Every structure is written in structure tokens, then in C-alpha cells.
Amino acid sequence: SGSLSHAILRTIAPTGHLHTVEFHAQRAEKAIEEFKEHKVNQDVCKDGFGITGIADAVFLDIPSP
């Protein structure tokens with residue numbers, strides 16, 4: 001559902017940026033819907049992240065990193 005992403009977004013808003021990925025198809029579809037609703041969505045598969053060499057933090061929330 002993107003709950004971790006939403007929590008991080010609330011913490012870093014309004015000036016921070018979050019870059020995230022979801023591998024589970026159904027959860028990705030739901031997260032895309034919610035992110036579009038909240039106007040915080042970008043298709044990085046199509047458009048890329050638009051940044052290189054910059055990160056303040058990296059969180060891995062996946063079953064087998």
C-alpha cells in the first residue's frame with residue numbers, strides 16, 4: 001500500500017524527495033493509485049529518477065535484499 005513511503009513523505013515534506021520502487025505487482029498498482037491521488041507519483045521506469053550520486057538515506061523494505 002506504500003505505507004512506509006507515505007510515512008517518509010510526511011516526514012520530509014514539503015521540501016524533501018522520496019524515490020521508491022515496488023516489486024509486488026498488486027501492491028505497486030495500489031501504491032500508484034494512492035500516490036497519484038496525493039500527487040506524489042513519478043514513473044521512474046519510464047522517466048528515471050533524474051538524479052545521480054545524491055542520497056541522504058537508503059531504506060530497504062524488501063523480503064530478500
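The values are calculated or read from the model by the stated rules, or taken from the named source; none is laboratory data. These numbers come from a predicted model, not from an experiment. Note that each Cβ is placed from the backbone with ideal geometry, even for glycine, and that neighbours are counted across all protein chains shown. To get the accessible areas, we keep the full protein, side chains included, count just its heavy atoms, and leave off ligands, DNA and RNA. Shrake-Rupley method; radii C 1.70, N 1.55, O 1.52, S 1.80 Å.
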What are the pairs with Cβ atoms under 6 angstrom where one residue, in the range 7-30, is touching a residue at least 12 places away in the same chain (Cβ under 8 Å) and the other, located anywhere, is open to solvent by 80 Å² or more (accessible area, probe 1.4 Å)? Sequence gap at least six, or different chains. H19/F49
Kindly state which helices (runs of 4 or more DSSP H) lie completely within the chain and contain at least 2 residues that are out of contact with any His (no Cβ under 9 Å at 6 or more places or on another chain) and at pLDDT 75 or above. 3-12, 25-37
